[in-house]
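Reviewing the structure listed below.
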Amino acid sequence: MGESLNLNMDREYIKITFPDGRKKDFKHGTTGYDIAKSISPSLLKKAIAIEIDGSEQDLCENISSDANISILTLNDNKGLSIMRHTLTAQVLAKALKNLYPNVKLAIGPVVENGFYYDFDLDKSITIQDLPMIEKEMKKIISSGNEIEKKYLSKEKVADLFRNKNETYKVDIIERSEQQGNFSTYYQKNTDFVDLCYGPHLPSLKHIGPFKLTKVAGAYWKGDSKNKMLQRIYGTAWKNQDDLKKYLNMLEEAEKRDHRALGKQLDLFHFQEEAPGAVFWHPKGWTIFQNLINYMRKKQEEAGYLEINTPEILDKSLWQRSGHLDKFGDNMFTTITEDKKEYAIKPMNCPGCVQVFRQGLRSYRELPYKIAEFGKVHRYEPSGALHGLMRVRAFTQDDAHIFCTEQQIEEECIKLCNLITNIYKDFGFDQIVIKYSDRPEKRVGSNIVWDKSEEALLNTIKSLNVPYEINSGEGAFYGPKLEFVLRDAIGRDWQCGTVQIDLNLPERLDCNFINSEGNKERPVMIHRALFGSLERFIGILIEHYSGNLPLWLCPVKAVIATVTEKCNDYARNVFDLLNNNNIKTEIDLRNEKIGYKVREHSHSKIPIIIIIGEKEKSNNAVAVRKLGSKNVETFILEDFIKITKNQIKQP
C-alpha cells in the first residue's frame with residue numbers, strides 16, 4: 001500500500017531545485033509562472049523566462065521531471081538577451097511589416113550588446129529611415145501586448161508562413177530535419193506571428209529602452225550565391241542610463257576606428273585586388289616589426305626556439321592532421337601540373353610537429369618549446385571582413401610546447417604568467433580568463449584529461465585574475481584557456497589562447513624516448529599571445545586611439561623649425577637623434593609653426609621638437625608632447641638621454 005502511494009506521488013509531483021540549493025515539490029506540469037508566483041508577487045512581476053537544467057525556456061513551458069531551475073529577469077545577462085531577442089523578432093519585424101507590407105522577413109538573432117533583423121524589401125532602407133521605424137516600434141511596445149507560444153507540426157507551420165508569403169521562413173522550415181513541435185509566437189490582439197526557437201518575453205511590457213544603430217547588407221544564410229538582404233542593427237538595455245552609456249561608447253569607438261586611424265596615420269590600406277589582405281605602409285610595418293621584436297625577446301628569455309615552416313604543404317598532411325575535414329571549406333588549395341594538390345596553411349601546428357619529429361627526441365629535451373611567426377590564410381566571406389580585425393591573411397605568434405604529462409602544470413603556470421605580464425606591458429590590466437573543460441565527445445584517456453584540466457585550473461587560480469568556467473566547451477582534443485582583454489572604452493577582446501592537445505601528436509605520430517628507453521607520446525600545448533598580429537595591432541590602435549606607447553611608435557619625434565635660419569641646427573639635431581636610434585622626421589617647410597604643430601599633432605607623432613633662434617643659440621630643444629599644450633625646453637644632450645630611456649622596449 002505504501003509503495004503504491006509513493007508511485008502515485010512520483011507521478012503527481014516533481015522536485016524543483018533552486019539556485020541556492022533549496023528544494024521544493026511542485027505538481028507535475030508546473031510552469032515558470034507557477035514557480036515565480038510561489039516565491040513572491042514581486043518576482044512574478046519581474047520574471048521573463050526560466051532556466052531549466054541550463055536551458056532557457058519560456059515561462060509557460062510545462063516542467064515534467066525533476067529539475068534545477070532559475071527564474072530570469074532583466075537583471076540577468078541572459079534575461080537581457082531574451083528581451084533583445086523579443087524586441088527584434090516581435091517588434092522590429094512587426095514594425096517593418098506595418099510600414100512596408102510587402103517586406104519578407106528572414107531572421108532576427110541577438111548579437112553582443114544588441115540584435116539585428118534581415119529582410120527582403122524592394123525599397124532600400126537608409127539610416128534616415130531608422131527614426132520612423134523606431135517610432136513605429138515604440139507604438140507597438142506601448143500596446144503592452146502579451147505573447148503567446150504555440151507548437152505546430154511541420155506541415156501546419158509551413159502552410160501558415162506560405163499563406164503569408166514568407167518565403168524565407170518556409171525555406172527554414174523545409175530545410176529543417178525537425179518534423180514536429182515548431183515553436184511559433186503570436187502577438188495577441190494582432191495578426192503577427194513569428195517562427196522562433198525562443199524564449200520570448202511574456203509581454204511587450206518588459207521591453208526596455210532601445211536604439212536602432214545602423215543598416216547593412218547581408219547574403220541570405222551568409223552565402224554570396226544567395227540574394228543580398230537588408231539588415232537593421234539595434235541595441236537595447238534595461239534602463240536609459242545603460243543605453244546612454246553604451247551609445248557613448250559606440251560614439252567613442254567610431255572615433256577610434258582603426259581603419260580611419262590607419263589611413264590618417266599612413267599605416268596600411270586594403271584594396272579590391274587582395275580582399276582581406278593588408279598592404280602595410282612603412283610606418284605600419286615598423287609597428288608590426290616592433291611587435292615581433294618585442295615578442296622574440298620575451299620568447300628567447302622564456303626558453304623558446306624560433307622556427308619557420310613552409311606556407312604551402314601537400315594536402316595529404318592536412319588530411320592526416322584532421323584540418324582538411326574540419327577547415328577544408330576555409331582553406332585555399334591548388335593543383336599543380338603534375339596533378340599534386342597543395343594547400344596554403346590555415347594553421348602552423350602541423351608544420352611545427354614536423355620540426356619536432358626530425359630525429360629521435362629524448363625526455364631530457366622536454367619541455368621542447370618552439371615558436372613561429374607564421375603567415376596563415378583562411379577564407380572568410382567578404383561580408384565578414386573588417387579591417388585588421390577580420391582578414392584572410394594574417395600572422396600568428398604561434399608556439400608549441402612538447403612536454404610530459406608530469407610537466408603540464410609547471411609549463412602552464414610559466415606560460416600564463418608570461419601571457420599576463422605581456423598584456424600588462426601593453427596597458428591591458430583588466431584580464432578575464434575563460435576555462436573550457438572536456439566535452440562529451442573527445443579523444444585521449446580520462447587520466448590525461450584529468451591531469452590537463454587540473455593543471456589549467458590550478459594555473460588560473462594561482463594568477464589571481466577573474467576567470468569563468470565554460471563547462472563542456474573544450475575542444476575534442478583537450479581543455480583550453482582563452483584570455484579576454486578589456487580596452488580603454490570597456491570593450492572585450494579575446495586574444496591569447498592556451499590549448500592542451502591530446503590529438504595531434506597521435507595523428508602525426510609524434511614521439512619521444514622516455515627514461516625507460518620506450519617511445520611515448522608527448523603532450524602538446526598550443527599557445528598564442530597576440531593571436532593574429534594584424535588584429536592585435538588593430539586592437540592597440542583603438543585602445544590607444546592612435547596614441548601608441550612611445551617605444552612602439554614608428555616615428556618618435558618630428559622637428560619643426562620656426563624660421564629658415566634654424567635649418568642647419570635642425571639638421572644637426574635630426575642626425576643626432578636618428579644616430580641614437582630615436583626615429584625622427586624633420587619639417588623645414590616655410591609654414592607657420594602653429595600650422596606645423598597642428599598637422600603633426602593630427603598625425604599623432606608623440607614628440608614635436610620646436611627649434612627657433614633661442615634653441616639654436618643655447619644648443620637646446622623646445623619639446624611639446626602629444627596631447628599637451630605645455631612646451632618644455634631641454635639641453636639637447638639631456639633630451640637625448642631622457643628619450644633613449646623612454647623608448648626602451650619593456
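The values are calculated or read from the model by the stated rules, or taken from the named source; none is laboratory data. Please read these numbers as outputs of a predicted model, since none were measured by experiment. Cβ placement follows ideal geometry from the backbone for every residue including glycine, while neighbour counts extend to all protein chains displayed. Just the protein is used for accessible areas: all its heavy atoms, side chains included, with ligands, DNA and RNA removed. Shrake-Rupley method; radii C 1.70, N 1.55, O 1.52, S 1.80 Å.
Straight-distance candidates among the aspartates and glutamates for linking to Lys149, with alpha-carbon spacing under 18 Å and chain neighbours fewer than 8 residues away dropped: Asp34, Glu51, Glu56, Asp58, Glu61, Asp159, Asp191, Asp194. Compared with the direct C-alpha span, the chain from Lys78 to Arg364 gains 98.0 nm at full extension, assuming 0.36 nm per residue. For Phe192, the amide hydrogen comes within under 5 Å of the amide hydrogens of Gln187, counting only partners 5 or more places away or on other chains and with H modelled in the peptide plane. Within the accessible area of region 78-127, the carbon and sulfur atoms contribute 49%, probe 1.4 Å, all protein chains present. Carbon-plus-sulfur accessible fraction, region 264-362 (probe radius 1.4 Å, protein heavy atoms only): 51%.
Peptides 309-315, 493-499, 71-77 ordered by packing proxy, namely the average of other Cβ atoms within 10 Å per residue, highest first: 493-499, 71-77, 309-315. Near Thr73: Cβ cut-off under 10 Å, other residues only, Lys/Arg at +1 and Asp/Glu at -1. The net charge is +3. Straight Cα distances below 18 angstrom link Lys154 to the lysines Lys164, Lys169, with same-chain residues fewer than 8 positions distant left out. Filter the trypsin sites (Lys or Arg not before Pro) in region 16-114 down to the DSSP loop ones having no more than 16 other Cβ atoms within 10 Å, then list what survives. When the trypsin sites (Lys or Arg not before Pro) of region 16-114 are filtered for loop state and at most 16 Cβ neighbours within 10 Å, Arg22 remain. Here the simple spin-label model places points 7 Å from the Cα toward Cβ, and for Gln289 and Glu337 these points are separated by 3.7 nm.
Separation of the alpha carbons by more than 30 angstrom is noted, of Lys583/Lys629; Lys340/Lys434; Lys255/Lys583, for Lys340/Lys434. In this calculation the C-beta distance from Ser601 to Asp450 is compared with R0 = 51 Å, giving a FRET efficiency of 0.35. Listed cross-link partners Lys188/Lys227; Lys298/Lys424; Lys45/Lys78; Lys45/Lys139; Lys139/Lys214 are compared with a 25 Å cut-off, the Cα-Cα value being larger for Lys188/Lys227. Taking each DSSP H run with n ≥ 4 as -39500 (n - 2.57) and averaging over every residue of the chain yields -10500 deg cm²/dmol at 222 nm. Based on the Kirkwood approach, the hydrodynamic radius assigned to region 433-565 is 18.1 Å, with every pair of different Cα atoms included.
Counted over region 246-295 with a bin width of 5 Å, the fraction of Cα pairs per bin, in whole percents, is 5, 18, 19, 19, 18, 12, 7, 1. May I ask for the net charge around Leu508, where only other residues with Cβ less than 13 Å from the Cβ of Leu508 are counted and Lys, Arg are +1 while Asp, Glu are -1? Result for the local shell: +1. Given a cut-off of 15 Å, what percent of all Cα-Cα pairs of region 591-650 lie beyond it? So the pairs more than 15 Å apart make up 54 percent of the total in region 591-650. Using a cutoff of 8 angstrom between alpha carbon atoms and counting only pairs six or more residues apart, the relative contact order for region 285-347 works out to 29 percent.
Note on Ser316 and Lys375: with the Förster distance fixed at 30 Å, the Cβ-Cβ geometry gives a FRET efficiency of about 0.90. Surface exposure of the chain, expressed per residue as accessible area with a 1.4 Å probe, stands at 50 Å².
Pull out the extension gain between Lys424 and Asn579, defined as 0.36 nm times the separation in residues minus the alpha carbon to alpha carbon distance; nm, one decimal. Please list the in-between numbers first.
Numbers: separation 155, 0.36 × 155 = 55.80 nm, distance 3.02 nm.
That pair, Lys424 and Asn579, stretches by 52.8 nm at full extension.
Summing Lys and Arg as +1 and Asp and Glu as -1 over all other residues whose Cβ lies under 10 Å from the Cβ of Arg162 gives a net charge of -1.
At full extension, Asn619 and Ser124 could sit 171.8 nm farther apart than now, given 0.36 nm per residue minus the alpha carbon distance.
The accessible surface of region 528-650, taken with every protein chain in place and a 1.4 Å probe, is 47 percent carbon and sulfur. Between the helical axis of 567-579 and the longest alpha-carbon principal axis of the chain there is an angle of about 60 degrees.
Between 0 and 90 degrees, the angle of helix 636-646 with respect to the longest Cα principal axis of the chain falls at about 30 degrees.
Relative contact order for the chain: 9 percent, from Cα pairs under 8 Å spaced at least 6 residues apart, divided by residue count.
Using only Cα atoms, find the angle between the long axis of helix 408-425 and the longest principal axis of the chain, and express it within 0 to 90 degrees, rounded to the nearest 10. Between helix and principal axis, roughly 60 degrees. Counting only the Cα atoms, region 314-425 fills a convex hull of 152 Å³ per residue.
Spin-label pair Met228-Gln264: with each label point 7 Å from Cα along the Cα-Cβ axis, the two points sit 2.9 nm from one another.
Karplus-based coupling profile of region 78-87, in residue order and whole Hz: 5, x, 4, 5, 5, 4, 5, 5, 5, 4, with θ = phi - 60° in 6.51 cos²θ - 1.76 cosθ + 1.60 and x standing for Gly or Pro.
The distance between label points at Asp34 and Lys648 comes to 7.1 nm (points 7 Å beyond Cα on the Cα→Cβ vector).
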